[in-house]
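The values are calculated or read from the model by the stated rules, or taken from the named source; none is laboratory data. Keep in mind that this is a model prediction, so the values were computed, not measured. Ideal geometry is used to build each Cβ from the backbone, glycine not excepted, and the neighbour counts take in all protein chains shown. With ligands, DNA and RNA removed, areas are computed over all heavy atoms of the protein, side chains included. Shrake-Rupley method; radii C 1.70, N 1.55, O 1.52, S 1.80 Å.
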Amino acid sequence: MINHIYQLVSPGVFSIEYASTDLADKVILRPQFMALCHADQRYFLGQRSQDVLRKKLPMALIHECCGRVLQDPTGTFAPGARVVAIPNSPQSPDPIISENYRRDSRFLSSGYDGFMREYIDLPADRLVSCDGVPDHIAAITEFVSVTVQAARRFDRLAHARRDRVGIWGDGSMAFVLACTLRSLFPQIELHVVGKNAHKLSMFSFVGATHFADDLPQGFSVDHAFECAGGEGSYYAIDDIIRTIEPQGTVILLGVSENKVAINTRDVLEKGLTLAGSSRSGREDFVEAIRLMGDPAVQNRLNRIISIDDPVCQMGDIERVFRTDLNTPFKTVFEWRM
Ligand SMILES: NC(=O)C1=CN([C@@H]2O[C@H](COP(=O)(O)OP(=O)(O)OC[C@H]3O[C@@H](n4cnc5c(N)ncnc54)[C@H](OP(=O)(O)O)[C@@H]3O)[C@@H](O)[C@H]2O)C=CC1
Ligand SMILES: O=C(CO)[C@H](O)[C@H](O)COP(=O)(O)O
Ligand SMILES: [Zn+2]
């Protein structure tokens, strides 16, 4: 079968690659709704290093998507089944290391073609049913699964005093993480620390919100999550180290192109645990879909989703990327290519 793959060839420039897709033992999926991630924008805008761009492009972007099954030779899914696609693809089993941290795992849209294609071919275990979750919300399942993975890391690493937990950042990641923590740990008092009044006003379901440059006197948290990313990571991590209680755990989620200086003296003195959390695996997707089945969670996620016009022709691809630059949270669009 000849497939159309819509690749970024250089920053801002897309072109079609015609590739033969093997129908043998893979599920064939028609992508329907997609969502943009900052990682896609960094390629589109040429914000990765020249070396990385040279190695990874041309490449189809997008790793957040849902669609319908066209055919499944394994019999796992019926034709027409609604599913979300897992971009992480482990190449070998490992009883210790999670699939999203394995050296040999491939991530579709970082070195391998992402989901901007006419058809997606994946092994059946890389798809999860999204029945019960509307399409435009199912489109961001990968993003939700990243926060489930972070919550899992937190639960494994953080000591049992979990009265107050801080989330640094007021963007999509912070918002979705707050939703996930609210569902999984309803007893925890969540404190969101951000920079933008409008964005912070969206977090109506957390314990309290604060401006990063105006934290209350004596403010402290037992544990913290960093969801600022970019240049904001440095300031967020520094604030966290200053305000967290001794032996707290810090889960780092923000991606930064540059190395970030860390006040290790205070990390040592307080006995802090710093843990990275990146991407997600099948079990995170399954849990994400379970959480997203809750109407209260759907209502919250709806608040941060902007639906752009469908993508029907090449020029529309660039349009959604440009629209997303002016969208405060998540941009979702229907894929009709
Ligand atoms: N670990 C993983 O697997 C994944 C990581 N990410 C990464 O997570 C990060 C956040 O993503 P997303 O929410 O979509 O990005 P956004 O840029 O939308 O959100 C970040 C927000 O944090 C605010 N901010 C900046 N500095 C600080 C600070 N010092 N304290 C508090 N808030 C601050 C920003 O404000 P302002 O814009 O005004 O500066 C912005 O509103 C990105 O780096 C992204 O690449 C995304 C997906 C998966
Ligand atoms: O968005 C992500 C996962 O949802 C990660 O940030 C993404 O995997 C980073 O990958 P890269 O920077 O190599 O493209
Ligand atoms: Zn992403």
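A few remarks follow.
- Scan of segment 63-75 for residues that are part of a loop (DSSP other than H, G, I, E, B), away from ligand 3 (no atom under 16 Å from the Cβ) and under 21 Å from Arg106 (Cβ atoms), ordered by number: Thr74
- Of the set (1) among the aliphatic types (A, V, I, L, M); (2) more than 19 Å from Met292 (Cβ to Cβ); (3) within 12 Å of ligand 1 (Cβ to nearest atom), all apply to Val146 but (2).
- Pick from segment 131-161, criterion under 21 Å from Arg282 (Cα atoms) and among the basic types (Lys, Arg), ranking: surrounded by the fewest Cβ atoms within 10 Å (Cβ to Cβ): Arg156
- Matching residues in segment 105-133 - criterion: being of a type in the set (Lys, Arg) and closer than 11 Å to Ile62 by Cα: Arg117
- When residues of segment 12-62 are limited to those that are among the hydroxyl-bearing types (Ser, Thr, Tyr) and not in a loop (DSSP other than H, G, I, E, B), the one nearest to ligand 2 (Cβ to nearest atom): Tyr43
- Scan segment 81-107 for residues that are closer than 20 Å to Met34 by Cα and either within 12 Å of ligand 2 (Cβ to nearest atom) or not aliphatic (A, V, I, L, M) (or both) and the total you get is 7.
- Every residue from segment 126-146 that is assigned to a loop (DSSP other than H, G, I, E, B) and either free of Cβ contacts under 8 Å to residues at least 24 places away in the same chain or among the aliphatic types (A, V, I, L, M) (or both): Val133, Ala139, Ile140
- Hits in segment 18-41 (condition: open to solvent by 40 Å² or more (accessible area, probe 1.4 Å), touching a residue at least 24 places away in the same chain (Cβ under 8 Å) and out of contact with any Pro (no Cβ under 7 Å at 6 or more places or on another chain)): Asp22, Leu23, Ala24, Arg30, Gln32, His38
- Verdict on Ile262 being of a type in the set (A, V, I, L, M) and open to solvent by less than 40 Å² (accessible area, probe 1.4 Å): no
- Exclusive hit being within 16 Å of ligand 1 (Cβ to nearest atom), closer than 22 Å to Ile289 by Cβ and open to solvent by 30 Å² or more (accessible area, probe 1.4 Å), set Ser105, Ser49, Ser98: Ser98
- Filter result for Pro79 (in a loop (DSSP other than H, G, I, E, B), more than 16 Å from ligand 1 (Cβ to nearest atom) and under 18 Å from Ser129 (Cβ atoms)): yes
- Of note, Arg164 does not satisfy the criterion of being more than 15 Å from ligand 2 (Cβ to nearest atom) and closer than 16 Å to Asp284 by Cα.
- In the set Leu274, Leu253, only one residue is within 16 Å of ligand 3 (Cβ to nearest atom), under 26 Å from Val144 (Cβ atoms) and either out of contact with any Pro (no Cβ under 7 Å at 6 or more places or on another chain) or open to solvent by 70 Å² or more (accessible area, probe 1.4 Å) (or both); that residue is Leu253.
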